[in-house]
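Notes follow the structure.
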Amino acid sequence: MTRRRRQFSPEFKEEAIRMVLEGDRTVASVAREFDINASTLGSWVNRHRIASAQEERQALSGPERARIRELERENAELREKLIFLKKAAAFFASETR
């Protein structure tokens with residue numbers, strides 16, 4: 001006999017996610033209370049977090065996004081310079097011994 005997949009309404013999912021994110025409760029405890037699998041609730045929470053992060057990124061204006069890209073580029077350049085300087089310092093430290 002095949003087991004039928006349970007369907008959950010968006011309101012049900014939102015309530016379960018809200019209880020995990022806004023309360024001091026774990027995914028497992030909320031899942032037990034709602035009689036659902038903890039991994040199912042965990043995936044709902046993860047999807048919600050990803051969607052929320054994307055909404056926040058899209059909320060940025062054009063100049064803000066451009067500034068962030070500029071800062072990310074500068075950060076990458078500084079990391080490369082730091083790696084080079086560490087290698088140079090190690091090289092010169094080994095030369096003086």
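Consider only pairs whose beta carbons are under 6 Å apart and that are at least six residues apart or on different chains; among these, list those whose first residue lies in region 6-32 and is closer than 15 Å to ARG47 by Cβ and assigned by TED's automatic domain parsing to the domain that holds ARG49 and whose second residue is surrounded by 13 or more Cβ atoms within 10 Å (Cβ to Cβ) and among the basic types (Lys, Arg).
Every condition considered, no pair remains.
Would you pick out the residues in region 12-63 that are of a type in the set (Val, Ile, Thr) and in contact with a Gly (Cβ under 9 Å, 6 or more places away or on another chain)?
VAL20, VAL27, VAL30
Would it be correct to say that GLU64 is loosely packed, with under 12 Cβ neighbours inside 10 Å, modelled with pLDDT under 90 and in a helix (DSSP H, G or I)?
Judged against the criteria, GLU64 is a match.
Just name the residue that is farthest from the chain's Cα centre (by Cα) out of those in region 88-97 that are surrounded by fewer than 10 Cβ atoms within 10 Å (Cβ to Cβ) and assigned to a helix (DSSP H, G or I).
GLU95
Being in a helix (DSSP H, G or I) and over 20 Å from the mean Cα position of the chain (by Cα), is that true of even one residue in region 16-26?
Within region 16-26, not a single residue is in a helix (DSSP H, G or I) and over 20 Å from the mean Cα position of the chain (by Cα).
The values are calculated or read from the model by the stated rules, or taken from the named source; none is laboratory data. Just so it is clear, the model here is predicted, and its values are computed rather than measured. Neighbour counts are summed over all protein chains in view; Cβ atoms, including those assigned to glycine, are modelled from backbone coordinates with ideal geometry.
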